[in-house]
Amino acid sequence: MKKKSLLKQAAAYPHIVWSILFIIAPLIFVAYYAFTDKNGSFTMDNIAQMAEPSYLEVFLRSLCFAFLATIICLIIAYPVAYFISKTNPKTQKILILLVTLPQWLNFLIRTYSWMALLEDTGIINSLLMKIGIDPVHMINTPFAVILGMVYNFLPYMIIPLHSVMSKIDPKLLEAASDLGCNPFKVMTRVVMPLSKSGIISGITMVFVPSISTFYISQKLGGGNFDLIGDTIERQFQTAYNYNLGAAMSFVLMILIIVSMAIMNKYSDEDGGVVV
């Protein structure tokens, strides 16, 4: 027994070292720069600076875009995940593969592909003009940015929802129908409560990357709509204000920790959440 215990501890050491080097240490550096100035002295000015109107506008815009993208993903993903969960196991594997297949492509390639589709002289507008419809300006708009978020992060909503829905006992749905529930009530009173953990997990997994993204807004938004990720990147790449950039990253880190705490709470209660 002691020998097995020692082997288990030894097997955990690489994971511990990895976590310290690539998770804990970077977080400590972010916190250090967030609460210090260029001379290394403690200060709260970096955090206070984010209360300025220009930065508040960026935060609010990021929250709005991320919120809309998350809600749209939930509206699309819920019926899709439910449909997939009702198919046979072999078909489920194929459909989940199709859902995740675009993620195998490089993120930059997927974003550039949408640029080719949405440009004023792009594929969509070229097709519209061929059938006699005036072209629609889509690129460099909030619509294009949110569309890019939905496209890139939709699988993160479908997969946890499917994971939970596929474990719902069909007998519960049959019992609800036998007790007089119509399909709408079965969905709202049985399926939705039982899939609560998947909803929370999916919302977290979509909202967090949506609020911190920057490449989508730069390419599909044409740089006209600064998000938190864009501002952080600018502080490190051009302004060289590492302290302010770290302060913004620290706020996002707190948001992620809170989201993970909420997700884990529901995961512990209901189970079946994909993290």
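Values in this text are rule-based calculations from the coordinates and carry no lab data. Computed from a predicted model, the values in this text were never measured in an experiment. Note that we place each Cβ from the backbone using ideal geometry, even for glycine, and neighbour counts take in every protein chain shown.
Once amide H atoms are built 1.01 Å from N in the peptide plane, which residues 5 or more positions from residue 222, or in another chain, come under 5 Å H to H?
Result for residue 222 returns 140.
Under a point spin-label approximation (7 Å from Cα along Cα-to-Cβ), what is the residue 113-residue 97 distance to one decimal in nm?
Result: 1.8 nm between the two label points.
List, in the order given, every pair from 93/196; 90/185; 93/167; 196/265; 86/167 whose Cα-Cα distance in the structure shown is over 18 Å.
Flagged as over cut-off: 93/196; 90/185.
Highest first, please rank the peptides 210-218, 129-137, 80-88, 22-30 by the mean number of other Cβ atoms sitting within 10 Å of their residues.
210-218, 80-88, 22-30, 129-137
First select every other residue whose beta carbon is under 15 angstrom from the beta carbon of residue 155; then total the charges, Lys and Arg +1, Asp and Glu -1.
Neighbour charge sum, excluding residue 155 itself: +2.
Using 0.36 nm per residue, how much length does the chain from residue 256 to residue 177 gain when fully extended, once their Cα-Cα distance is taken away?
Gain on stretching residue 256 to residue 177: 24.5 nm.
Within the chain, which complete DSSP H helices have Cα atoms spanning at least 27 Å along the helix axis and a mean Kyte-Doolittle hydropathy of 0.5 or higher?
Both cut-offs are met by 53-85, 142-165, 242-270.
Cβ neighbours within 10 Å, averaged per peptide: list 113-122, 50-59, 228-237 in order, most packed at the top.
228-237, 113-122, 50-59
Relative contact order of the chain: what whole-number percent is it, with Cα pairs under 8 angstrom and at least 6 residues apart?
27 percent
Please report the spacing between the Cα centers of the range 224-244 and the range 47-92 in Å, no decimals.
Cα centroid of the range 224-244 versus Cα centroid of the range 47-92: 22 Å apart.
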